[in-house]
Amino acid sequence: MAEAVVDFVWQKLGDALTGAIKDALLQEGLSLYSVNDKGEAVQRELERIKSFLRDADSKSSDGGPGEERVRNWVKEVRNVAYSIEDAVDTFQAKVDWINYKEQGFINWIKRCFKKPMLLPALHTLGSEMDDAQARIKEITESRLALGVISLDNAGKSGRPKPPIRQLIYPELGKMESKVVGFESDKDTIIARLLDEHNLRRSVISIVGPGGIGKTTLAQTVFNNADVQKRFEVLIWLLVSEEYNPIELLKKMLQELQLANQRDHHKLNEDNLISEIHESMKEKKYLVVMDDIWTDKVWDELHLAFPDVQNGSRVLITSRFVNIAKEADPNPHELQYLNEEQSLKLLLRKAFPMSDPNETYPQELLELAREFARKCSGLPLQLVVLGGLLSKKNRDYSTWHRFMETMDWVTDGKRCFDIIATSYKHLPLHLKSCFMSFAVFPEDYEIDARSLISYWSIEGFIPKDGRGTLDGKAQDYLEDLVQRCMIQVTAKTSTGTIEKCRVHTLLWNVAVYEAKEKNFITIFWKQEDYQKKEIIARHASFQFNSTPEAKMQSNSTENNDDVIEYTGPNVRSLMFFGKILPIHSRMKLLKVLIAYRTKVTFYYGKRHTWLEKLISLRHLEFRECELENDTLPEKINRLHNLQYLDLTDTKIVDLPKSIKCNEALILVVNRVESKS
């Protein structure tokens with residue numbers, strides 16, 4: 001994450017020194033003076049420090065003795081990058097304010113008086129670049145002291161870490177053979193394995209997010225009596241995220257009982273593949289390759305599997321649809337369990353020694369249904385939660401207290417760790433995008449067009465000169481779908497993603513990572529927010545995100561619901577179900593999203609808080625009750641505005657200033673247009 005921040009700030013600083021700010025100053029007969037040299041020096045230092053961040057991230061999670069120190073170093077890097085971004089954005093906002101052109105002689109006079117303010121602003125920017133250089137020097141010295149030396153050392157600071165599945169499922173062969181909710185999936189996979197009409201060696205893949213039951217289903221199929229009879233050779237290979245092709249090939253040799261016939265330690269990969277290929281040519285085999293994380297696995301090993309048209313099969317499991325498609329054009333995608341299936345699996349684990357036909361206490365059954373709903377159909381989450389419940393007293397007060405205090409990061413750590421591996425293996429450019437899902441409430445259906453605008457404006461999509469930002473953002477969204485990190489809930493007529501949501505446990509991962517990195521501040525209760533300054537750069541008020549809160553907030557329209565906030569460096573702000581504030585000092589705010597919110601614009605007779613958000617680029621009022629069912633005319637002062645969403649509001653007519661803005665993307669009642 002820190003590397004992404006530094007890369008973004010490095011790019012922003014370059015844009016500022018060569019782009020819009022420089023052009024604006026030159027128009028006024030000014031130049032960046034020494035600020036240009038200072039900025040370029042800071043850029044060079046940031047470029048150097050980027051190459052060490054991945055090494056630092058590796059050391060900060062290896063459990064070694066210096067973990068806390070390295071974490072603090074990464075935090076310092078992130079903080080200095082943020083301070084540089086603040087300096088650049090503050091100066092940009094000052095330039096925008098001074099150069100904003102309103103019609104009329106009085107406004108022209110006002111602008112003339114503003115011009116001299118550029119010089120002190122320029123001086124301030126130069127001073128902040130000096131401070132940044134000094135802080136970067138300190139950071140570099142502390143990096144050397146901590147031993148974060150080069151990228152080549154990444155991952156070598158601690159002992160080798162075994163695959164997380166081995167940590168959690170040490171006895172793979174003893175996994176329960178009875179699946180819940182996937183009976184039809186099991187029948188489908190077995191039918192494809194035993195298909196007598198298909199004699200070609202074929203690959204069958206099972207795909208889905210972590211914890212959905214891919215391995216359990218594959219193990220059930222692997223142990224099926226008909227499958228065991230059909231194939232002469234059955235081999236199970238656990239691939240996982242840390243794999244070694246040589247070791248996998250040697251494991252196959254052991255299963256083929258060839259490992260002791262000659263010395264295989266000196267054979268290279270090609271020799272091993274050739275020997276396995278020759279050995280299996282005359283046999284009908286089934287090889288399971290469980291938990292594939294990269295398409296390199298199939299590329300490196302597929303030549304070991306001969307195709308002599310005897311009905312041999314390869315069964316693979318993966319979290320990634322695109323990787324599965326490399327070997328199987330029609331991957332079998334597992335779906336989440338429905339409510340009844342979820343309850344059945346939860347009860348089986350919560351009451352392991354009970355008769356399946358037993359009648360459960362009604363008060364516990366109702367709580368069990370609520371627990372099952374919280375798991376959103378994810379089998380691993382249900383299994384872990386059921387196991388936790390099985391160790392507790394079977395009474396209402398105990399279960400209810402556990403429901404109120406349950407924390408997946410601690411209580412459900414086994415489950416959380418498996419799911420979190422999907423985030424940890426995301427490429428750098430997708431981590432910020434995924435963490436941004438934490439700004440939305442749990443189980444919230446997200447509009448894809450709004451999300452893409454948000455990503456682009458916040459700088460999560462790098463400007464590399466290849467394609468449009470929106471186009472790349474759409475690709476990133478599709479990539480997260482292929483990785484089973486998000487669920488598509490609706491598509492457009494052209495097949496692109498229209499709406500999506502994040503599974504509950506993955507949402508918890510996003511929230512955890514975002515809070516750990518001070519990326520987002522989330523407020524779930526009114527008492528959590530006591531008019532204190534928001535420190536994180538993204539803030540989300542989710543007061544009505546729980547069923548209880550929604551019931552309480554349906555009829556609240558008193559002054560206690562008005563949120564007055566400060567936080568001059570906040571870049572994005574989200575409100576879900578509360579009255580929007582009537583005061584604002586957030587000059588750097590770029591994104592403002594409100595959902596089912598009562599919005600009051602005016603304080604006094606003429607001024608609005610909205611007109612002061614001069615950096616705002618994305619404004620969204622969804623299903624909101626707007627004051628006088630209209631937007632204030634002074635919205636024209638938001639001359640940076642790029643995206644305005646008024647879906648399901650009662651607005652009939654728009655201010656003339658909005659209609660004249662040809663560059664603005666306007667969405668009204670789900671109809672997108674250029675204003």
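In table form, for the structure just shown:
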{"quantity": "Residue check, GLY377 in contact (Cβ under 8 Å) with a residue 40 or more places away in the chain and either farther than 25 Å from ASP185 by Cβ or outside any helix (DSSP H, G or I) (or both)", "calculated": "yes"}
{"quantity": "ASP291 being under 21 Å from PRO331 (Cβ atoms) and of a type in the set (D, E, K, R)", "calculated": "yes"}
{"quantity": "Residue match in region 335-342 (condition: closer than 30 Å to ARG200 by Cβ and at pLDDT 85 or above)", "calculated": "yes"}
{"quantity": "Tally, over region 437-482, of residues that are free of Cβ contacts under 8 Å to residues at least 60 places away in the same chain and either touching a Lys or Arg at 6+ places or on another chain (Cβ under 6 Å) or of a type in the set (A, V, I, L, M) (or both)", "calculated": "10"}
{"quantity": "Selection status of ILE316, not in a strand (DSSP E or B) and not assigned by TED's automatic domain parsing to the domain that holds PHE402", "calculated": "no"}
{"quantity": "Condition broken by ILE206, with the remaining ones in (1) crowded, with 21+ Cβ neighbours inside 10 Å; (2) part of a helix (DSSP H, G or I) satisfied", "calculated": "(2)"}
{"quantity": "Residue match in region 619-634 (condition: over 17 Å from THR600 (Cα atoms) and not aromatic (Phe, Trp, Tyr))", "calculated": "no"}
{"quantity": "Selection within region 603-617 - within 17 Å of LEU654 (Cα to Cα) and not in a helix (DSSP H, G or I)", "calculated": "THR608"}
{"quantity": "Subset of region 622-639 [closer than 8 Å to THR597 by Cα and in a loop (DSSP other than H, G, I, E, B)]", "calculated": "GLU623, CYS624"}
{"quantity": "Count of residues meeting criterion [touching a residue at least 24 places away in the same chain (Cβ under 8 Å), closer than 22 Å to ASN338 by Cβ and charged (D, E, K, R)] in region 182-241", "calculated": "3"}
{"quantity": "Among (1) over 25 Å from VAL591 (Cα atoms); (2) assigned to a helix (DSSP H, G or I), the one test that ASP479 misses", "calculated": "(1)"}
{"quantity": "Failed criterion for ILE98 (all others in (1) among the β-branched types (Val, Ile, Thr); (2) crowded, with 22+ Cβ neighbours inside 10 Å; (3) modelled with pLDDT under 70 hold)", "calculated": "(2)"}
{"quantity": "Selection within region 223-257 - in contact with a strand residue (DSSP E or B) (Cβ under 9 Å, 6 or more places away or on another chain) and part of a loop (DSSP other than H, G, I, E, B)", "calculated": "PHE231, GLU232, VAL239, SER240, GLU241, TYR243, LEU256"}
{"quantity": "Qualifying positions in region 322-344 - farther than 25 Å from LEU199 by Cα and outside any loop (DSSP other than H, G, I, E, B)", "calculated": "ASN322, GLU339, GLU340, GLN341, SER342, LEU343, LYS344"}
{"quantity": "Failed condition for ASP307, given (1) in contact (Cβ under 8 Å) with a residue 60 or more places away in the chain; (2) in a helix (DSSP H, G or I); (3) exposed (fewer than 14 other Cβ atoms within 10 Å of the Cβ); (4) of a type in the set (D, E, K, R)", "calculated": "(2)"}
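The values are calculated or read from the model by the stated rules, or taken from the named source; none is laboratory data. Remember, predicted model here, so these are calculated numbers, not experimental data. So basically every Cβ, Gly included, is an ideal-geometry build from the backbone, and we count neighbours across all protein chains shown.
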